[in-house]
Amino acid sequence: MSPADALPGNPRGGIGGSSGVPGPYASAIARRLAAWTAEGTAARVWRRDPTVWPGAVPESVRSRLGWLDAPSRARAEIARYEALRDALRKDGIETVVLLGMGGSSLAAQVYGAAFDRSGDAPELRVLDSTHPDRVRAVREGIDLARTVFLVSSKSGTTLEPNAMLAYFWSEVVATGAPPGPRFVAITDPGSALERLARTRGFREVVPGSPDVGGRYSALTAFGLLPAALLGIDLDRLLARAERMVIACGPERAPVDHPGLQLGAFLGELARAGRNKVVFWAPPPLTTFPDWLEQLLAESTGKHGTGLVPIAGERRPLDPPRGRDDRVWVELGLDGRPPAFSAGAATPPYLRLALEDPYDLGAEFFRWEFGVALAGAVLGIDPFDQPDVEEAKELARQRMGGSAAPDRSGVSTVPVAEAAPAVGRWASTVREGDYLAIQAYLDPSPSIATGLEEARTALRERLRIPTTLGFGPRYLHSTGQLHKGGPSTALFLQLVDVPRVDLPVPGEPYSFGAIVRAQAEGDAEALRARSRRLLTVQLGPDPVAGLRRLVAEVGG
C-alpha cells in the first residue's frame with residue numbers, strides 16, 4: 001500500500017479512517033496535496049476565492065459557498081426548530097409528510113432512517129414522486145387531522161412539490177378544516193413559495209440559505225428542521241459537524257485536512273480513470289449513499305467528466321467487464337465487521353467508521369468539502385448544473401401540448417416484445433460503461449424488490465456496475481451526470497400504466513401526465529446527446545412486468 005494509507009478520520013477521535021491506494025495513484029494524490037500546500041488552497045477556500053475552481057464564474061462560486069459556515073449559523077435556529085417540534089407534539093400531530101425533491105428531501109431521508117424515533121416524535125414520510133399510485137398511497141396512509149405537510153423547495157417554483165401542495169391542500173380543504181395550520185414551508189427568502197405560504201396563512205415559513213445550493217444543504221433548514229421534528233438532538237449533531245469544520249479549517253495543512261484529503265483522493269483517482277465510486281453502508285446508514293449520490297453526480301458530472309456514484313448494489317461486481325475503474329468507499333459503524341476484505345485485487349478504497357449516527361453531522365461537511373475540491377481537480381465548477389434545465393423544459397412542453405418530435409426514431413418497447421430490443425441495446429456495452437436504470441414507477445416495496453432483481457440480472461449479463469433511480473426524483477440527483485457527464489452509460493427507462501390517475505387541483509394536467517411528460521422529456525434530452533437509451537413499457541402491472549423483464553434478460 002501507499003503513503004495515502006491513513007486518510008484522516010473524524011477529528012473527534014472516535015472515528016478512524018483508513019484507505020488503500022496502490023503506488024501510482026498515491027503519488028498523484030501526494031503531488032496534489034503538495035501543490036495545495038504551496039498554493040494555500042485551504043485558506044483560499046475559506047476566503048471564498050473563486051480561482052480555486054478555474055473556469056467557473058466568480059460571482060456564481062462566491063454565492064454558493066455558504067455551506068462553509070452553515071453549522072455555526074444553524075445554532076441560532078435551534079430554538080425555533082425545537083419550538084415548532086414542541087407545538088406539533090402539543091397539537092397531537094402524528095405524521096409529517098415532507099413534499100420535496102433532491103436536495104430538499106434527501107438529507108431528511110438520511111436523518112429519518114439513521115435515528116430511532118423518540119416516543120412522542122411524529123413519523124416522517126417523504127414524498128418525492130409524482131407517480132399517481134405513490135401520491136394516492138401516501139394519502140391513504142395518513143390521518144389528515146393528525147398530519148402536517150412540510151413543503152420543501154429552495155426556489156419555490158419546483159414543479160413536483162407545487163403539484164403535491166395543490167393536491168394535499170385540496171384534500172385538507174375537503175375535510176372542512178382550515179388548511180393553513182396543516183402546512184409549513186421551507187424555502188429561500190423572497191421565493192414564490194414564501195409569498196404563497198404567507199398569503200395562505202401557513203403555520204410557519206422557515207427560511208433557507210440562499211448562498212447554499214440544494215445538494216449542500218444538509219446542515220441548513222432543509223435538513224435540520226426535519227431532524228428536529230424527529231426529536232434528534234441538534235446541539236449534539238452540530239457539535240460533531242463543527243469539529244469537522246475545525247479540522248477542515250484554513251490553517252490546517254492539506255496532509256492533515258480531511259476535506260482536502262478526500263478531494264485529492266476522489267479527484268486524482270478519477271483523473272487516472274477510476275471514476276466509479278462504489279458505496280457500502282450498513283443499516284441504519286443505508287440512505288446516506290443516496291445523499292452522496294446527488295452530491296457527487298450533480299457537482300462533478302459535466303463537460304464530459306464526472307464521478308459516477310454507485311449506491312445500493314447488493315454485492316460487489318467481481319470482476320467487471322475489462323479494466324476495473326472503481327473506487328470503493330465504506331461508511332461503517334464502529335464495532336461492525338467491514339463490508340469487504342482488502343486484498344491484492346481490491347480496488348483503491350476508503351473506509352470511514354462512524355461511532356454513531358450523530359457523526360453524520362461531520363460526514364455531511366467532510367463530503368461537501370471533499371467533493372467541492374474534487375471538482376477543482378477535475379477543472380469544473382462543482383456548484384452549477386448546466387444540463388438539468390433542458391429535460392425540465394421538454395417536460396413542460398409536453399404537459400402544455402407542444403411536445404417536440406422524437407428525432408431519434410426510438411420508441412417505447414412493450415415488455416412482452418422486449419427481448420430483441422434488449423439484445424440490441426446490450427450489444428453496445430463497452431469497457432468502462434455502467435448501467436443506469438431509470439424507473440418511472442411507484443417506489444413501493446414490491447416494485448423496489450422487482451427492480452433489484454432486474455438490476456442484478458442485468459448486471460450479471462452486462463458485467464458492468466449498475467445504478468438505480470426512481471423518476472422523477474433522479475432528475476434532481478443524477479440527471480446532471482446523465483446528460484453532462486461521460487458518455488459511458490446504458491440507460492434503461494422503465495414506465496408503466498398507473499392504476500388510476502389523479503388530477504392536480506387548479507391545473508390542466510394530472511400526476512400521470514406529469515410523470516409521463518418527465519419520462520419523455522428526459523428521454524429526448526438523452527437521445528439528443530446520442531446516449532444509449534432503451535425505454536420499456538411494463539404495462540398496468542409493473543411487478544409482473546418486471547418479472548417478465550428478468551426472464552427476458554436471463555434468456
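The values are calculated or read from the model by the stated rules, or taken from the named source; none is laboratory data. Model, not experiment: these values are computed from the prediction. Cβ: placed from backbone, ideal geometry, glycine included. Neighbour counts: every protein chain shown.
Brief remarks on what is shown
- Subset of the stretch 50-88 that is small (G, A, S) and in contact with an Asp or Glu (Cβ under 6 Å, 6 or more places away or on another chain) - its residue that is farthest from G361 (Cα to Cα): A56
- Looking across the stretch 435-465 at every residue that is outside any helix (DSSP H, G or I) and of a type in the set (D, E, K, R), the one that is nearest to P347 (Cα to Cα) is identified as R463.
- Among the conditions (1) surrounded by fewer than 16 Cβ atoms within 10 Å (Cβ to Cβ); (2) in contact with a Phe, Trp or Tyr (Cβ under 8 Å, 6 or more places away or on another chain); (3) of a type outside the set (G, A, S), the only one that T157 does not satisfy is (2).
- Criterion violated by D318 - all others in (1) touching a residue at least 40 places away in the same chain (Cβ under 8 Å); (2) outside any helix (DSSP H, G or I) satisfied: (1)
- Residue pairs meeting the criteria (Cβ under 6 Å; at least 6 apart or on separate chains; first assigned by TED's automatic domain parsing to the domain that holds L354, in the stretch 283-296; second hydrophobic (A, V, I, L, M, F, W, C) and in a loop (DSSP other than H, G, I, E, B)): F288/A281; P289/A281; L296/L307
- Residue in the stretch 266-278 that is among the β-branched types (V, I, T), within 30 Å of L33 (Cα to Cα) and either in a loop (DSSP other than H, G, I, E, B) or out of contact with any Leu (no Cβ under 7 Å at 6 or more places or on another chain) (or both) present: yes
- Residue in the stretch 252-266 that is under 22 Å from P386 (Cβ atoms), among the charged types (D, E, K, R) and either surrounded by fewer than 24 Cβ atoms within 10 Å (Cβ to Cβ) or not assigned by TED's automatic domain parsing to the domain that holds F340 (or both) present: no
- Scanning the stretch 296-322 for residues that are hydrophobic (A, V, I, L, M, F, W, C) and either touching a Pro at 6+ places or on another chain (Cβ under 8 Å) or farther than 14 Å from G375 by Cβ (or both) returns L296, A297, V308, I310, A311, L317.
- If you check Y440, Y434 for being within 11 Å of V536 (Cβ to Cβ), in the same structural domain as G485 (by TED's automatic domain parsing) and touching a residue at least 24 places away in the same chain (Cβ under 8 Å), only one passes: Y440.
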